[in-house]
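The values are calculated or read from the model by the stated rules, or taken from the named source; none is laboratory data. If you're wondering where the values come from, they're calculated on a predicted model, not measured in any experiment. Here the Cβ positions follow ideal geometry from the backbone for every residue, glycine too, while neighbour counts run over all protein chains shown.
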Amino acid sequence: MRIAISGPPGSGKTTICMLVAKRLDCDFVLVGQVFRQLATERGMPLETFQRLAEEDETIDRELDARMLATATSKDDIIIEGRMAGPMLKAKHVPVFAVYVDADERVRAERIAKREDKDVEAVLREMRARMRSEQKRYLAYYGTDPSKRELYDLWIDSSDLTAEAVADMVVESARRVRADDAHKVKKG
């Protein structure tokens with residue numbers, strides 16, 4: 001089972017990805033970690049690398065290639081990344097694509113608590129990051145990764161625990177897998 005979990009910063013997608021991977025006993029990949037690894041390989045601070053990525057499409061293309069190679073190397077894997085689901089679908093890689101969203105303020109509060117920062121400062125950083133990524137996604141992919149129609153499941157995690165969201169993802173993915181298996185038997 002290949003599951004891609006996408007969503008904005010602070011939505012809980014990383015925690016949910018790890019919980020889903022544990023419940024399904026499979027590996028997981030955090031595309032953000034791969035991006036950070038690319039920055040480190042180039043000896044650049046993350047913020048500088050992010051700005052460079054706005055101008056240098058090859059950075060996202062290299063990130064995409066690494067993610068795609070990892071995602072297709074296994075049938076049972078969980079991938080967390082903003083463009084993971086839409087990209088895998090566009091490449092005709094079988095995937096159950098999930099988008100986890102949450103209210104902007106809730107997301108900022110989560111990040112502020114996790115990183116021991118001021119909520120207002122986090123809101124400013126989060127908005128700048130989202131603008132940067134939005135610019136890249138529209139320029140490089142011609143799409144907005146937060147469009148509902150790109151996903152098989154859309155969850156608002158604002159008032160839910162990560163465990164509850166992980167349960168929803170696992171249950172939905174298993175149901176889709178069972179439906180697909182039934183269709184194959186009938187076909």
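So the values come out like this:
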quantity	calculated
Criterion violated by A39 - all others in (1) closer than 28 Å to R175 by Cα; (2) surrounded by fewer than 20 Cβ atoms within 10 Å (Cβ to Cβ) satisfied	(1)
Segment 1-25 - residue that is of a type in the set (K, R) and assigned to a helix (DSSP H, G or I) and, of those, modelled with the lowest pLDDT	K13
Wholly enclosed helices (runs of 4 or more DSSP H) of segment 49-130 bearing at least 2 residues crowded, with 19+ Cβ neighbours inside 10 Å, without any contact (Cβ under 8 Å) to a residue 40 or more places away in the chain and out of contact with any strand residue (DSSP E or B) (no Cβ under 8 Å at 6 or more places or on another chain)	57-72
